[in-house]
Amino acid sequence: MMRDSFDVLRNVVRLANCGAADHLACFHGILDYLTRALGLAEASLYFLDARGDRFSRVLRASSPPSSHDCHIPLEETLQGEVLRTRQARTEGAQAVFAVVTRYREHGVLSVELLPGSTLSEGDLSLLEAISEELASLAQLHHDVEAEKEQASALGQMKALSAENDRKFREISLLYRISRAMHSTLRLNELVHLILSAATVKEGGGFERAMLFTVNERSGTLQGMLGVTRRAAQLVLPKTEGLDSWAHPRMGAEVQEAQRRTAFCRQVLKQRLPLDAEDNALARAVADTEVVLIRDSTSLQGSDRAFATALELKAYACAPLLGKDRVLGVVVVDNPDSHEDITPGRLRFLELFANQAAAAMENSMLLHRLESAHQDLRETQERLIQGEKLAVLGEMAASVAHELRNPLVSIGGFAQRLCRHAPEGSRDREYAGIIAREVRRMEEMLTNILAFSKKQMLCFVECDLIRIIDEVVDLENNAILAAGIELKVEVTDNLAKVQGDAQKLRQVLLNMVANARQVMSLGGTLTVRAYPTVLRGESAVAVEVEDTGGGISDEVMRNIFNPFFTTKGEGTGLGLSISHRIVELHRGEIEVMNREKGALFILRIPCREGNEARLR
C-alpha cells in the first residue's frame, strides 16, 4: 500500500517548506498528499484549544483548506487517550498518532483506512515520523505567532524554511549513514564504520569519535576504538565523494591502520567505572540520554583523568541504546577547531547513536544465530556419531565375546606346544609367537568389552599422591629402559578427592604410558599435581608432560574418539575409556601442545559424595 518511506517523508518535508507562509494550507497540503500517497480514506488533524483541555478545531484532507470548530473532550475518547499516553493507537479502520513536541502538545493526527486495507509496521513507523514533522511544524508556527510582535513575518518564515531545510539535510545524511551501516553485519567492521561516519566532514562532522563498551559483569566502561577525521578517510575516502558511502573500505588492513594510531592506542588504555556519580560516560548510560561537558577543566576524579589522558576540552557522550540494555557510549569532540557542540548537533548525535545501536544489535543477533546454528550442527553430529558408536559398541561386544572362547583354546594349546617343542626349534618359536599374539588379542578384547559395558564406580576418599606413586612404580622400569628422565612435582598437603581409586589409577597409568611410548629415543617425562579450581569448586590437577614432539591438529581433533589410534598396535580405546571415567568423576581432561611435546591435564573436583555412579 505504501510508497518508499524515505520518498514520502522527503515530500512531506518539501511540502512543509513550500507552505511556510500559510500554515493551514501547509497542513492541508500534507494531509491531502498523505491520503493520495498512502491510499487513505481520510486524514485529519485535531488541534487542542489554548487551555489544552479539549480539541477545538479539526482540519480534514477532504474539506477546504481551513479548520472547522469541534468539541471533543480529552476524557474517554481515543484521541484524548493517544494524546495523554503519547502512544499511537489503532481501533478498527482508524489509527491515531500524537502530534507533540518536547515543549507542547498540539493535537493528534487521525487516519481512516479504506475497506479491506491495513497498516504494516513500516506504515505505522512512517506515520509516527510524519506526526513528529507535523509537531515540529506546529511548534514553529506557534513560535511564529508568539514572537510576531518582536520579529517580522518574513524573518519567521525564513527561519521555518531554514529549519525544515536543516531537517531535510539531516534526514538525508542519516539515511546515507544508515545505508552504509547496513552494508556489513560483521561487528568489527561495523564499529570502524560507525566511528568513521561520525568524524568525516560529509558525515557526522565531528573531529574525533570514541567507542566505549559496557561490561556489566565487571562494572566498567572499556575503551574499544578511537578514530580521528584523518583516520576515518581510510574507510570513507574523501576523493571518492558519496560513492565511498556505498562501498566503504573495511578490510583487515584498514582496521589495523586505524587501531595503530596513537589516539586509538590511548583510547584502548581507558577503563572507567560504571558509576553515574563518577564520570560523564556512566551518567549517559544511567540516564540513557546524551550528556554534554562544556568545559573539562572543572571536572574531578575519573572525569578529570579521562579528559586529561585524551586531551578533551568540550565533549559529548551518547549512549548506544539496545532493546533491553545499553550497549556502549560514543564520545565525540572537536579538539582542532574548538567548534561548539550546539543543541542541533546534540540532537543529530542522539539520532546517529540510535541508528548505530540498532545496527550493532542486528550484528550481534546475527552472530548469536550463527553460533546457535553451529552449536546445533555440532550437537547433531555428536548425536549421529553417538548412535554409530552405540551400534558399533554392541557389535564389538558381541564379536569379542564370540572370539574369546576359541582364543582361550588357541592360547592354551600354543603354550603346551611351546613347552614340549625342543629348545631353539622353529616349532617352539612359532608356538611362542602364537601365544604372544593371543595374549595381545585377549587384551584388546578386554578393552573392547570394558568400553561397551556400563561402568560402576564406587566413590571413596582418594589420595592422588599415593595413586601417582603407584603409577610411577609400575612404569618406572619401562621408563628407565627407554632412557627417559622422570620428574615428579607434587604440592605438599594436597587435598584428597572423592573418586574410584582403581579407575583413577587406570587413567593416570594410561596417560603416563602414552607419554612414555612417544619418547622411544628418550626425553623427559614430568608429572605434576597441584590444587586448582573447577567450575567454581576446589579441585586437584594432575599434569603429564612429555618431550615427544607434540600432537598434530588432525590427531588432536580425534584423540578421545573410540577406536582412534596412531600406534601400529592397540585398540584406540585407552584415552576414550579414560575420558569417560573422568566425566563420571565430574572432572575434565585437557590436552595441548607445549614447546617440546604434549601436555595432558586431569582435573578432579574435591567434592563430597560416596555414592556409586553407573554409566
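Computed from the coordinates by the stated procedures, all read-outs in this text should not be read as laboratory data. Every value quoted in this text rests on a predicted model; they were computed, and no experiment measured them. Cβ atoms come from the backbone with ideal geometry, glycine included; neighbour counts cover every protein chain shown.
Odds and ends about this structure:
- Legend: calculated FRET efficiency, residue 142 to residue 32, from the Cβ-Cβ distance at R0 = 22 Å, rounded to 0.05, equals 0.50.
- Using θ = phi - 60° and Karplus 6.51 cos²θ - 1.76 cosθ + 1.60, couplings along the range 335-351 (whole Hz; Gly, Pro as x): x, 8, 8, 6, 5, 5, 9, 6, x, x, 5, 5, 5, 4, 4, 5, 5
- Calculated FRET efficiency for the pair residue 128/residue 24, C-beta based, R₀ 22 Å, to 0.05: 0.45
- The length gained on full extension between residue 535 and residue 104, counted as 0.36 nm times the residue separation minus their Cα-Cα distance, comes to 149.5 nm.
- Set of aspartates and glutamates near residue 323 by C-alpha distance (under 12 Å), chain-local residues within fewer than 8 positions excluded: 361
- Derived scalar couplings ³J(HN,Hα) [the range 588-594; Karplus, 6.51 cos²θ - 1.76 cosθ + 1.60; whole Hz; x for Gly, Pro]: 8, 10, 10, 10, 8, 8, 10
- Remark on residue 70: its backbone amide H falls under 5 Å from those of 57, 58, a criterion applied only to residues 5 or more positions apart or on other chains, H modelled at 1.01 Å from N.
- Gain upon complete extension [residue 368, residue 474; 0.36 nm per residue less C-alpha separation]: 33.2 nm
- 14 Å beta-carbon shell around residue 294, net charge (K/R +1, D/E -1): -3
- Taken along the Cα-to-beta-carbon direction at a fixed 7 Å, the label points for residue 87 and residue 458 span 6.6 nm.
- Förster-model FRET efficiency, 45 Å R0, residue 289 and residue 49, C-beta, rounded to 0.05: 0.90
- Theoretical gain in end-to-end length, residue 62 to residue 41 [0.36 nm per residue, Cα-Cα removed]: 6.7 nm
- Placed amide H near residue 540: partners under 5 Å, 5+ positions off or other chain: 532, 604, 606
- Ordering of 419-429, 468-478, 535-545, 127-137 by burial proxy (mean other Cβ atoms within 10 Å per residue, highest first): 127-137, 535-545, 468-478, 419-429
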